[in-house]
1. Students often forget the sequence filter, so: which aspartates and glutamates lie under 19 Å Cα-Cα from K130 once same-chain residues fewer than 8 apart are removed?
2. If I model a spin label as a point 7 Å beyond the Cα along the Cα-Cβ vector, how far apart are those points for I92 and H78 in nm?
3. Would you mind giving the average projected area, over all directions, of the Cα convex hull of the range 31-142 in nm² with one decimal?
4. D139 to K152: extension gain in nm, 0.36 nm per residue of separation minus the Cα-Cα distance?
5. Label points 7 Å out from Cα along the Cβ direction at S123 and T43: separation in nm?
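Laboratory data are not the source of any read-out in this text; all were calculated from the coordinates shown. Keep in mind that this is a model prediction, so the values were computed, not measured. Don't worry about glycine lacking a Cβ; one is built from the backbone with ideal geometry, like all the others, and counts go over all protein chains shown.
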Amino acid sequence: MICKWIKKLFKNRKKVVASPIFIPSNEVKWGKIETILLFKINTYRRENNLNELLMDDSHYNIAKIRSLSNAENGVITHNFFYSDVRDALAAIGIKTSAENLGYRYKTANGLFNAWVKSEGHRSAMLGDWKYTGIKVALDKEGNTYYCQIFGK
């Protein structure tokens, strides 16, 4: 069953093209680190002859909820991605999806380089996707929790 809070995220869905000069919609407040990470991932995808990912409010909101939940609970886990999140994305026409998580990286470069070195994370970044959302959250100690959602 799809949670009510996830359903609300998908009302009035808007798409935003991710580019080096990124201007988010009014509903999405992007930070510098998310913007840099998105730019690096899209550059990496272009270098591998793949399309750039489109920034999407729905994917961003899922990534925000996931990173905030992980930070609040002090864990990095893919739990709930395989049920609630995938069901919610499917309800708006996203047929396949994936998630990359990261923890305690101080910079977008550090996280990006770690994801490139990891076969699973690299595979997700270079997958056959159209949309993405990225969010970083901080816990009370200042540790960073990253989440990137991919969808098609």
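1. Counting by Cα, and skipping residues close in sequence, K130 has these aspartates and glutamates nearby: E34, E47, E52, D56, D57, D87, E99.
2. Distance between label points: 2.2 nm.
3. 6.7
4. This chain segment gains 1.6 nm when fully extended.
5. According to this spin-label approximation, the distance is 2.7 nm.
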